[in-house]
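Student: Take a look at this one; I'll ask things after.
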There are 2 protein chains.
Amino acid sequence: MRAALMHGPGDVRVQDVPDPEVQEPTDAVVRVVRACVCGSDLHPYRSTEPSEQGQPMGHEFIGVVEETGSAVTGLAAGDFVISPFAFSDNTCDLCRDGFQTACPRGGFFSAAQAEAVRVPQAAGTLVKVPGGLAGVDEALYPSLLTLSDVYLTGYHAAVTGGVQAGRTVTVIGDGAVGLSAVLAAKQRGAERIVLMGRHRARTDLGREFGATDVVAERGEEGVAKVLELTGGQGSHVVLEAVGHRPAYEQAYGVVRAGGVISRVGVPQYEEAPIGFASLFGKNITLTGGPAPVRAYLEQVLPDVLDGTIDPGRVFDRTVGLEEVPEAYRAMDAREALKVLVRP
Amino acid sequence: MRAALMHGPGDVRVQDVPDPEVQEPTDAVVRVVRACVCGSDLHPYRSTEPSEQGQPMGHEFIGVVEETGSAVTGLAAGDFVISPFAFSDNTCDLCRDGFQTACPRGGFFSAAQAEAVRVPQAAGTLVKVPGGLAGVDEALYPSLLTLSDVYLTGYHAAVTGGVQAGRTVTVIGDGAVGLSAVLAAKQRGAERIVLMGRHRARTDLGREFGATDVVAERGEEGVAKVLELTGGQGSHVVLEAVGHRPAYEQAYGVVRAGGVISRVGVPQYEEAPIGFASLFGKNITLTGGPAPVRAYLEQVLPDVLDGTIDPGRVFDRTVGLEEVPEAYRAMDAREALKVLVRP
């Protein structure tokens, strides 16, 4: 089959690779109906080590089950499924706690920008779409795909951040995760949502998703602006959807005493301030991590199917599999917000 | 009056200072009945800049109101009161949120190792003990004094850490705050409480307070031991009651995926690991800060008065005001766990 592999910075190639196969009795093979490029794919796109062999890419996909291993229950060839970006058995203690991204039998997908994907722990991982491929309007595919990662990553930020009615929420970052966090915060009842971002087309979509204020300034200026908007006290909840250290520093600058910073941008740093001057003195809670989207997927799916939310609007371009290198280039150049891939 | 002042590392002197007076209409003056030395006082005791003028010390006290300013309501001369270690108006938004340590009209006491203390925002700050001085057995004074800081600091750790029935809790540090955290975790229903500490007399008291396991090892060895005790998964909640960076590193080593680290040891560092490898990858929540003891005081007071809990057992020595320098020396040398001061 054809698949996208990354060979070095800026070097993504679509190549022939062996077809995926059922290797374990708990595996399934899924033919990809839609995949996409993630903001987090851009980190290696900028800095990965060059390699001749290449690294298969992509972790978000919806598709149709082609084959299941002998131990896979509840799934059959032909089922239309959404896959979380992490696989998990969904039965262990940690999965039952709602932290499927930490499942000891789990792991992260990394070969979904392809025609088909091998899915370990398929019974625990895949979620069937009611109605199947024939029963769901193709116009819903983009939103269904966001349940694989991007919307539910924003949703995880809002959940772990404790967003609820009456809370002021600041979202840092106007990428697809940031905009998803805005939509999720709105869904969870936030009245005031300040979006920190400087790309007009994106912040305009953020307003449609529920942002009540947009702050284009960054750093100290941006912090001052948010404090001004919140009567000098700061924001009850800050959803950090970037992952670079200046975004984290902005987060503790704008958060209210006793408030919560929830991070879902994958941190591109290991150490950062957490002492008296940043978090401790103000009793700030820092939370977040890789979203256990499996924990939220079935709960949010009906809202997508009935049109209550349309998180798929974060996709502003669609390409075929052969054009995946162009998708990376366009996202890296900020010409596209998020690119859908139709294999 | 007489008061303890710190003039440099290891240099605490009891001296004559002016009597405190009502300066603002919202002030009261309180005669100190009991004060004490805090583990956090030992940080400057080891590293403060030498000064001829000296720095008044102490932030924990119970006492009797001597005088109130014209705007102080609900208090009168003769009232027996407990003072939180931070004063606050207890009416603003942040106080109503339960974060009195962040009150814009608030601040921290720093002159309670003395015969009397000026209390700003007295109406919001001081809590009357029912029955008054005459109605309360002197044997309860040590436990009442712990509601000024140490027990409720441990309690804050347990509250913000989300300790509840069924949770495994690890407490790092066998100082007075760590032991208080053990007792608070027990009160809040924790079934398994692992105490990390190496001082036998202290960990023995920890067992009496509710610790089910004691781990004397530190660093990697200590982490391995706690993981072994928790079936390899780690502890749902970690209460960090030390404040040094190795204790924080131990905390993220022993916490379970999706778990919570609550810090109440004042951090003696500003930067520390919070990236994918430490907190983010496992969806760890980091919380805690200076305990808003005013938020908990009235709720916990009845448990002290009726003997349900006896947190005052952390005091293992009593001195007069003139002996405060010896109290610092004994705590610094770990000869005493926590020293009560009877002016």
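Student: Which of the following residues is more than 14 Å from every other protein chain (Cβ to nearest Cβ), closer than 23 Å to A:GLN299 by Cα and part of a loop (DSSP other than H, G, I, E, B): A:GLY124, A:GLY98, A:GLY63, A:GLY74?
Tutor: Values: A:GLY124 fails: part of a loop (DSSP other than H, G, I, E, B); A:GLY98 fails: more than 14 Å from every other protein chain (Cβ to nearest Cβ); A:GLY63 fails: part of a loop (DSSP other than H, G, I, E, B).
Within the list A:GLY124, A:GLY98, A:GLY63, A:GLY74, the selection yields A:GLY74.
Student: Tell me the residue from A:GLY231, A:GLY258 that is assigned by TED's automatic domain parsing to the domain that holds A:LEU179, without any contact (Cβ under 8 Å) to a residue 60 or more places away in the chain, assigned to a loop (DSSP other than H, G, I, E, B) and on the phi > 0 side of the Ramachandran plot, please.
Tutor: On the way: A:GLY258 fails: assigned to a loop (DSSP other than H, G, I, E, B).
Matching residue, one of A:GLY231, A:GLY258: A:GLY231.
Student: Right, next: Checking the conditions here, which among B:GLY10, B:GLY39 is within 20 Å of the chain's Cα centre (by Cα) and within 24 Å of B:ALA241 (Cα to Cα)?
Tutor: On the way: B:GLY10 fails: within 20 Å of the chain's Cα centre (by Cα).
Selected residue: B:GLY39, the only one of B:GLY10, B:GLY39 that is within 20 Å of the chain's Cα centre (by Cα) and within 24 Å of B:ALA241 (Cα to Cα).
A quick yes/no check of all residues on (1) crowded, with 23+ Cβ neighbours inside 10 Å; (2) over 24 Å from B:ALA201 (Cα atoms):
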site	(1), (2)
B:ARG245	no, yes
B:GLY259	yes, yes
B:GLN268	no, yes
B:ILE274	yes, yes
B:GLY289	yes, yes
B:THR318	no, no
B:MET331	yes, no
B:LYS338	yes, no
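Student: Within region A:161-176, can you find the residues that are buried (at least 24 other Cβ atoms within 10 Å of the Cβ) and within 19 Å of A:TYR252 (Cβ to Cβ)? Walk me through it before giving the result.
Tutor: First, the residues of region A:161-176 that are buried (at least 24 other Cβ atoms within 10 Å of the Cβ): A:161, A:163, A:168-176.
Within region A:161-176, A:GLY161, A:VAL163, A:THR168, A:VAL169, A:THR170, A:VAL171, A:ILE172, A:GLY173 qualify.
Student: Take the residues in region A:250-268 that are under 23 Å from B:SER262 (Cβ atoms) and within 22 Å of the chain's Cα centre (by Cα); name whichever of them is farthest from the other protein chains (Cβ to nearest Cβ).
Tutor: It comes out as A:ALA251.
Student: With (1) buried (at least 18 other Cβ atoms within 10 Å of the Cβ); (2) part of a helix (DSSP H, G or I); (3) not basic (Lys, Arg) as the list, and B:ALA134 as the residue in question, which single condition is left unmet?
Tutor: The one condition B:ALA134 does not meet is (1).
Student: Continuing with this model, one more query. Restricting to region A:101-121, name every residue that is touching a residue at least 24 places away in the same chain (Cβ under 8 Å), within 14 Å of another protein chain (Cβ to nearest Cβ) and either over 30 Å from A:GLY54 (Cβ atoms) or part of a strand (DSSP E or B) (or both).
Tutor: Listed by number, the list holds a single entry, A:PHE108.
Student: Turning to a different aspect of this structure: Sort through B:ASP306, B:ASP310 and tell me the only one that's among the charged types (D, E, K, R) and touching a residue at least 24 places away in the same chain (Cβ under 8 Å).
Tutor: Details: B:ASP306 fails: touching a residue at least 24 places away in the same chain (Cβ under 8 Å).
After applying the criteria, what remains is B:ASP310.
Student: Within region B:209-229, is there a residue that is touching a helix residue (DSSP H, G or I) at 6+ places or on another chain (Cβ under 8 Å) and within 14 Å of chain A (Cβ to nearest Cβ)?
Tutor: Taking region B:209-229 first, the residues touching a helix residue (DSSP H, G or I) at 6+ places or on another chain (Cβ under 8 Å) are B:209-211, B:213-220, B:222-223, B:226-227.
Subsequent filtering for residues that are within 14 Å of chain A (Cβ to nearest Cβ) retains B:227.
Yes; the residues of region B:209-229 include at least one that is touching a helix residue (DSSP H, G or I) at 6+ places or on another chain (Cβ under 8 Å) and within 14 Å of chain A (Cβ to nearest Cβ).
Student: Could you tell me which numbered condition B:GLY265 fails, if it satisfies all but one of (1) assigned by TED's automatic domain parsing to the domain that holds B:GLU249; (2) under 16 Å from B:GLY161 (Cα atoms); (3) not in a loop (DSSP other than H, G, I, E, B)?
Tutor: If we test B:GLY265 against (1) assigned by TED's automatic domain parsing to the domain that holds B:GLU249; (2) under 16 Å from B:GLY161 (Cα atoms); (3) not in a loop (DSSP other than H, G, I, E, B), just (3) comes out false.
Student: For region A:217-224, does any single residue satisfy the condition of being surrounded by 24 or more Cβ atoms within 10 Å (Cβ to Cβ) and not hydroxyl-bearing (Ser, Thr, Tyr)? Explain how you work it out, then say what you get.
Tutor: Within region A:217-224, the first condition is being surrounded by 24 or more Cβ atoms within 10 Å (Cβ to Cβ), and the residues that meet it are none.
There is no residue in region A:217-224 that is surrounded by 24 or more Cβ atoms within 10 Å (Cβ to Cβ) and not hydroxyl-bearing (Ser, Thr, Tyr).
Student: Which one of the conditions (1) over 26 Å from B:PHE315 (Cβ atoms); (2) in contact (Cβ under 8 Å) with a residue 24 or more places away in the chain; (3) outside any loop (DSSP other than H, G, I, E, B) does B:THR91 fail to meet, given that it meets all the rest?
Tutor: For B:THR91, the failing item is (3).
Student: Those residues that are more than 7 Å from chain A (Cβ to nearest Cβ), part of a helix (DSSP H, G or I) and touching a strand residue (DSSP E or B) at 6+ places or on another chain (Cβ under 9 Å), I need them from region B:278-316; list them, please.
Tutor: Those that are more than 7 Å from chain A (Cβ to nearest Cβ), part of a helix (DSSP H, G or I) and touching a strand residue (DSSP E or B) at 6+ places or on another chain (Cβ under 9 Å): B:VAL293, B:ARG294, B:LEU297, B:GLU298, B:LEU301, B:GLY312.
Student: Residues in region B:139-154: is at least one closer than 12 Å to B:LEU239 by Cα and either surrounded by 24 or more Cβ atoms within 10 Å (Cβ to Cβ) or in contact with an Asp or Glu (Cβ under 6 Å, 6 or more places away or on another chain) (or both)?
Tutor: Yes.
Student: Filter region B:257-271 for residues that are of a type in the set (Val, Ile, Thr) and under 12 Å from B:ALA247 (Cα atoms); which is modelled with the lowest pLDDT?
Tutor: Taking region B:257-271 and keeping what is of a type in the set (Val, Ile, Thr), we get B:260-261, B:264, B:266.
Of the ones still in play, those that are also under 12 Å from B:ALA247 (Cα atoms) are B:261, B:264, B:266.
On the way: B:ILE261: 98, B:VAL264: 97, B:VAL266: 92.
In this case the residue turns out to be B:VAL266.
Student: Tell me yes or no: at least one residue of region A:18-27 is in contact (Cβ under 8 Å) with a residue 60 or more places away in the chain and within 28 Å of A:ALA336 (Cα to Cα). Before you say what the answer is, go through the steps one by one.
Tutor: Pass one, region A:18-27, residues in contact (Cβ under 8 Å) with a residue 60 or more places away in the chain: A:19-24, A:26-27.
Checking which are within 28 Å of A:ALA336 (Cα to Cα) leaves us with none.
Within region A:18-27 (the criterion being in contact (Cβ under 8 Å) with a residue 60 or more places away in the chain and within 28 Å of A:ALA336 (Cα to Cα)), the answer is no, since none of the residues qualifies.
Student: Any residue in region B:160-187 that is closer than 23 Å to B:GLY219 by Cα sitting within a Cβ distance under 8 Å of a residue that is among the acidic types (Asp, Glu) and surrounded by 24 or more Cβ atoms within 10 Å (Cβ to Cβ)? List the pairs, counting only those 6 or more apart or interchain.
Tutor: From region B:160-187, the pairs are B:ILE172/B:GLU240; B:GLY173/B:GLU240.
Student: Restricting region B:73-115 to residues that are under 16 Å from the mean Cα position of the chain (by Cα) and surrounded by fewer than 18 Cβ atoms within 10 Å (Cβ to Cβ), which is farthest from B:GLU322 (Cα to Cα)?
Tutor: The extreme case among them is B:GLY107.
Student: On to the next question. Restricting attention to region B:153-186, report how many residues are closer than 17 Å to B:LEU337 by Cα and either basic (Lys, Arg) or part of a helix (DSSP H, G or I) (or both). Give the steps one after another, and end with the answer.
Tutor: First, the residues of region B:153-186 that are closer than 17 Å to B:LEU337 by Cα: B:153-154, B:171-183.
With the extra rule that they be either basic (Lys, Arg) or part of a helix (DSSP H, G or I) (or both), the set shrinks to B:153-154, B:176-183.
So the answer is 10.
The values are calculated or read from the model by the stated rules, or taken from the named source; none is laboratory data. Everything numeric in this text was worked out from a predicted model, so none of it was measured. With ideal geometry, Cβ positions are generated from the backbone for all residues, glycine too; neighbour counts draw on all protein chains shown.
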